[in-house]
């Protein structure tokens, strides 16, 4: 048998831009904002306390850091509103795709025949909002190769079951 390596016309390839991607749940914005508030607070509170209780540090440093914290939180509220519109996924017969990014766009495709296992995770806040994160692992890594946050709990479990059923086809 002779080896063949024929060229492919780029224009003949299918475009994923024509596919209908499913957006993540809008409620996920709440988690994004809460996470930014928690992280900003954890970083800023010790610095503010030092500026209040340490006479060598001027009091305006604490005020300035409070202003930075407030600005950071306000920015994240607006950013979460914008960025959530650019997060979507597509489940196809042989793979799953995830698109994200406002400025730097990224599309990740994971073929089912490369998947080792799938997890559905839920934080305490996400549980209250009935949201989950699906994490897909492929061979060769101990961290998830694809994580899609902001899925309805039932949807995440359905996707997991669908993918696990597909994995049986590849064994």
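Given Cα pairs under 8 Å that are at least 6 residues apart, what percent is the relative contact order of the range 24-70?
31
FRET efficiency for residue 154 and residue 66, Cβ-Cβ distance as r, R0 = 35 Å, nearest 0.05?
Computed FRET efficiency for residue 154 and residue 66 comes out at 0.30.
Within a 10 angstrom radius of the beta carbon, how do 1, 164 rank from fewest other beta carbons to most?
Ranked by crowding around the Cβ, least crowded first: 1, 164.
How would the range 28-83 be classified by its alpha-carbon gyration tensor: rounded, prolate or oblate, with rounded meaning a/c under 1.5 and the a/b versus b/c comparison settling the rest?
prolate
Run the numbers for residue 10 and residue 107: contour at 0.36 nm per residue of separation, minus the present Cα-Cα distance, in nm.
Gain on extension, residue 10 to residue 107, equals 33.1 nm.
Return one number: the angle in degrees, 0 to 90 and rounded to the nearest 10, between the long axis of the Cα atoms of helix 59-83 and the longest principal axis of the Cα atoms of the chain.
So the inclination is approximately 30 degrees.
Compute the length gained on full extension between residue 78 and residue 167: take 0.36 nm times their separation in residues and subtract their Cα-Cα distance, giving the result in nm to one decimal.
So the extension gain works out to 28.1 nm.
Could you state the per residue volume, in Å³, of the convex hull enclosing the Cα atoms of the chain?
Looking at the chain, the number lands at 194 Å³ per residue.
Using just the helices of the chain, give the 222 nm mean residue ellipticity in deg cm²/dmol: DSSP H runs with n ≥ 4 each add -39,500 (n - 2.57), and the total is spread over all residues, rounded to 500.
Using -39500 (n - 2.57) per qualifying helix, the result is -14500 deg cm²/dmol.
As a footprinting exposure proxy, order 19, 6, 119 by other Cβ within 10 Å, with the fewest listed first.
So the residues, fewest neighbours to most, are 6, 19, 119.
Taking 0.36 nm per residue of separation and subtracting the Cα-Cα distance, what length does fully extending residue 122 through residue 19 add?
34.2 nm
Shape verdict for the range 89-170, please, from the Cα gyration tensor: rounded (a/c under 1.5), prolate (a/b greater than b/c) or oblate.
Judged from the Cα gyration tensor, the range 89-170 comes out oblate (a/c at least 1.5, b/c at or above a/b).
Between helix 153-170 and the chain, what is the angle of the helix's C-alpha long axis to the longest principal axis, kept within 0 to 90° and rounded to the nearest 10?
40
So if I take the centroid of the Cα atoms in the range 69-95 and the same for the range 23-44, what is the distance between those two points in Å?
Result: 10 Å between the Cα centres.
Taking Cα atoms, how many degrees apart are the long axis of helix 28-53 and the longest axis of the chain, rounded to 10 and kept between 0 and 90?
The angle comes out at about 30 degrees.
Tell me, what is the percent relative contact order of the chain, built from C-alpha pairs under 8 Å that lie six or more residues apart?
Dividing the mean separation by the residue count of the chain yields 18 percent.
Read-outs throughout are calculated quantities, based only on the coordinates presented, and are distinct from any laboratory measurement. Source: prediction; values computed, not measured. Heads up, the Cβs are rebuilt from the backbone with ideal geometry, glycines too, and the neighbour counts pull from every protein chain shown.
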